[in-house]
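What follows draws every value from the coordinates through simple rules; no lab data is involved. The model shown is predicted, which means the values in this text are computed figures rather than measured ones. Don't worry about glycine lacking a Cβ; one is built from the backbone with ideal geometry, like all the others, and counts go over all protein chains shown.
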Ligand code: A3P
């Protein structure tokens, strides 16, 4: 029975047994592996990805912390890459949630070492939450492009705290906002500490700007059209003069906008992501910048701001 052998393997694993462990906001276990907090549920698939992923030159990797705007980035990149497959009004985004079109590595890897990643037409677009230093080495041996999207950590925290109230919380009830905030300040959240992850990709984008594009949710929100143009250029799939003239960038921007995606058939509350067991609608809450102001006390804000200054002050990265 595969379930029993999986469990056996899991608990026989000395490495796994000795990892530091904590409870996440949702009350579920997470383990500190390769410098990041990995949810128990995705631990083995992620290790499998790290060990076995074989990159190709045309691959595109989207990297984010949970709630930094992953769904939006997936929709935009999918639309750019597949823009010649069909017109915007027939986009697969109408009936499918972006996570179904661009999977996370842990959805495809499961326990399999060699999932069939390349059966769909077009380049492989894969998504991950793991930090730059933990990526499979093979990614650095090819021309695989990495797009990193970050978000103001306080907004990302508030978004995550809301999200976990909606998802299937297994053993324990999700914790109160103030308790979750304490964990957040200690970097104890899924795929955190957030500062290590953000700075890792930030530095990599300076070292190798052709390989790593560093984006901010706030910039994407403020100036979506230019950012979409920029993403296409980075992917070496720039919009032609003809496409620009025909308003294709505007069309893609509109298609992937918050209200547009939220109201698509594929994202109605009754639709669930099979691999994730999460309602598709829960990926669309408010889609705003600065919503933390409605939830955090002045003391929390001040502590959060000090931490952000302490961690990012020298990097030149501003939120
Ligand atoms: P809020 O909870 O602040 O509304 P992720 O996709 O990484 O899970 O992040 C989800 C966050 O991105 C949620 O933030 C969600 O509302 C927001 N979001 C989803 N689609 C968006 C879009 N098309 N434009 C802007 N924000 C979007």
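Just checking, how many residues over the range 56-73 are assigned to a loop (DSSP other than H, G, I, E, B), more than 10 Å from the ligand (Cβ to nearest atom) and either without any contact (Cβ under 8 Å) to a residue 60 or more places away in the chain or surrounded by 24 or more Cβ atoms within 10 Å (Cβ to Cβ) (or both)?
Initially, the range 56-73 is screened for residues assigned to a loop (DSSP other than H, G, I, E, B), giving 56-59, 65-69.
Adding the requirement that they be more than 10 Å from the ligand (Cβ to nearest atom) leaves 56-59.
Cutting the leftovers down to either without any contact (Cβ under 8 Å) to a residue 60 or more places away in the chain or surrounded by 24 or more Cβ atoms within 10 Å (Cβ to Cβ) (or both) gives us none.
The number of residues fulfilling the criteria is 0.
Applying the condition of being free of Cβ contacts under 8 Å to residues at least 60 places away in the same chain and buried (at least 16 other Cβ atoms within 10 Å of the Cβ) to the range 237-252 and asking which residue is farthest from the ligand (Cβ to nearest atom) yields 239.
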